[in-house]
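Everything on this sheet refers to the single structure shown next.
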Amino acid sequence: MKINRTGLTGAALLVALTLSGCASQQQDAADRLNQQSVMALNWFQQSGEYQALAWQAFNFATLAFDHAASLTGKPKAVIVDLDETMIDNSAYSAWQVKANQPFDDKTWSAWTQARQATAIPGAVEFANYVNSHGGTMFYVSNRDGQDAAATADNLKRLGFTGVNDKTLRLKTDSSNKQARFDAIRAEGYNVVLYIGDNLNDYGTATYHQGNAQRRAFVNQNHRLFGTQFIILPNPLYGDWESGLAQGYNTLTPAQKLQTRDANLKAWSDK
Ligand SMILES: [Mg+2]
């Protein structure tokens, strides 16, 4: 048997080269996947337009809160999501690009523990308006329960009021928030507004649904946006991405790139 300098047979060398070729192709695809976030990050972090949209959302939310009907004996409550609704984690997304890293529970938890999320424009002012005008803010997030203390600390440092064990409801078992919403209502609150950056922040209707169903939900409920549902823009990530194809989250980076491309509606100049 002919052994080359690496100690591998010709066949084994071919297999090794093929595997390393596949691995480097996958790495290349993963890098390209991350690079596709750059423009969204530039817009999110640098544009005045993003900031204006956030203020617009919270200015509308304040009007909607003030105009919501009061129910006797039921205190008003507002349910908000946290990430990319009240607090800005785009520095974690930018780190992913710079370090060529996919989203990962471990690095996300490290980011959470670092308590470096910043406030979305208008979010602190809105939360504190609600809490000082007879309402109660509930912070319902799919951050992991093990990060509760760091999350509460981060929120308090940013100036959010009313952050405590009763109002901060993180994920325990399911990322479907409906059960947590129902629990707040069952405690006697008149929930007048839901605020999020993801359609799943309004309940179970869009949970694990594709984009066609998600768009149908918006179409069916379009009158609620601006009155009971307030949405913040998030082009960085969200269930709209996994909604591009069934099983999207299990695809390889190359398959994800292909799926993203296949979802483009392009002008045909032929
Ligand atoms: Mg969010």
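The values are calculated or read from the model by the stated rules, or taken from the named source; none is laboratory data. From a predicted model like this one, the values you see are computed outputs, not experimental measurements. All Cβ positions, even for glycine, are placed from backbone atoms using ideal geometry, and neighbour counts span all protein chains on display.
For region 244-255, filtering for residues that are surrounded by 14 or more Cβ atoms within 10 Å (Cβ to Cβ), part of a helix (DSSP H, G or I) and either without any contact (Cβ under 8 Å) to a residue 24 or more places away in the chain or under 18 Å from the mean Cα position of the chain (by Cα) (or both) leaves 2.
So, in region 80-93, of the ones that are within 15 Å of the ligand (Cβ to nearest atom) and hydrophobic (A, V, I, L, M, F, W, C), which residue ends up surrounded by the most Cβ atoms within 10 Å (Cβ to Cβ)? Don't jump to the end; show me each part of the working.
Of region 80-93, the ones within 15 Å of the ligand (Cβ to nearest atom) are 80-90, 92-93.
Of the ones still in play, those that are also hydrophobic (A, V, I, L, M, F, W, C) are 80, 82, 86-87.
Values: VAL80: 24, LEU82: 25, MET86: 27, ILE87: 23.
Applying the filter and picking the extreme gives MET86.
Residues of region 138-149 include none that is modelled with pLDDT of 95 or more, outside any strand (DSSP E or B), buried (at least 22 other Cβ atoms within 10 Å of the Cβ) and under 17 Å from the mean Cα position of the chain (by Cα).
How many residues are free of Cβ contacts under 8 Å to residues at least 24 places away in the same chain and not aromatic (Phe, Trp, Tyr) when one looks only at region 79-104? Spell out the reasoning first.
Of region 79-104, the ones free of Cβ contacts under 8 Å to residues at least 24 places away in the same chain are 92, 95, 98-99, 104.
Then drop every residue that is not not aromatic (Phe, Trp, Tyr), which leaves 98-99, 104.
Qualifying residue count for the region: 3.
Residues THR136, THR161, THR107, THR167: which one is touching a residue at least 40 places away in the same chain (Cβ under 8 Å) and over 21 Å from ILE231 (Cβ atoms)? Only one candidate passes the filter, namely THR136.
What tally of residues in region 200-243 results from selecting those that are part of a loop (DSSP other than H, G, I, E, B) and within 12 Å of the ligand (Cβ to nearest atom)? The total comes to 6.
When ALA117, ALA68, ALA99 are checked against the criterion of being exposed (fewer than 13 other Cβ atoms within 10 Å of the Cβ) and either over 14 Å from THR151 (Cβ atoms) or out of contact with any Leu (no Cβ under 6 Å at 6 or more places or on another chain) (or both), ALA99 stands alone in meeting it. Listed conditions (1) surrounded by fewer than 15 Cβ atoms within 10 Å (Cβ to Cβ); (2) in a loop (DSSP other than H, G, I, E, B); (3) modelled with pLDDT of 95 or more; (4) among the small types (Gly, Ala, Ser) are all met by SER268, apart from (3). For region 202-209, check the following and say yes or no: at least one residue is within 17 Å of the chain's Cα centre (by Cα) and touching a residue at least 40 places away in the same chain (Cβ under 8 Å). No, every residue in region 202-209 fails to be within 17 Å of the chain's Cα centre (by Cα) and touching a residue at least 40 places away in the same chain (Cβ under 8 Å). When ALA64, ALA77, ALA69 are screened for being away from the ligand (no atom under 16 Å from the Cβ), over 23 Å from LEU236 (Cα atoms), assigned to a helix (DSSP H, G or I) and small (Gly, Ala, Ser), only ALA64 passes.
Of LYS166, LYS177, LYS171, LYS156, all but one fail to be basic (Lys, Arg), within 16 Å of the chain's Cα centre (by Cα) and surrounded by fewer than 19 Cβ atoms within 10 Å (Cβ to Cβ); the exception is LYS171. Among the residues of region 184-199, those identified as surrounded by fewer than 21 Cβ atoms within 10 Å (Cβ to Cβ), in contact (Cβ under 8 Å) with a residue 60 or more places away in the chain and part of a loop (DSSP other than H, G, I, E, B) are GLY188, TYR189.
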